[in-house]
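Below: the structure, in structure tokens.
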Amino acid sequence: MHPYIQHQLTGTRIAEMRSEAERHQMARTARRARRATQRPAGQRIAGPGSMLGRVLPALLSTCGLRRQPGTAAVQVPGGLRP
């Protein structure tokens with residue numbers, strides 16, 4: 001192969017590699033920025049039971065079925081039992 005053609009091919013390959021490295025760096029920077037705006041790593045994702053734990057006491061108090069202190073379960077009035 002002629003030295004000039006070899007030089008041109010080498011230059012083209014170097015330019016492609018630099019372009020690929022720039023894209024890789026931009027993607028890495030974008031990933032870091034996205035992670036920085038997301039929730040902290042130590043923060044737990046709330047499961048379905050946590051919502052129930054927050055809503056149930058309010059629901060029971062509005063229905064008059066609040067749990068009495070010292071009891072193991074909610075006291076259900078006799079008229080509501082099957």
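Is it true that GLY79 is modelled with pLDDT under 65, exposed (fewer than 10 other Cβ atoms within 10 Å of the Cβ) and not in a helix (DSSP H, G or I)?
Answer is no for this residue.
Mind telling me which of the residues ARG23, ARG66 ends up being modelled with pLDDT under 80 and at negative phi?
None of the other options fit; the residue is ARG66.
The values are calculated or read from the model by the stated rules, or taken from the named source; none is laboratory data. If you're wondering where the values come from, they're calculated on a predicted model, not measured in any experiment. Neighbour counts are summed over all protein chains in view; Cβ atoms, including those assigned to glycine, are modelled from backbone coordinates with ideal geometry.
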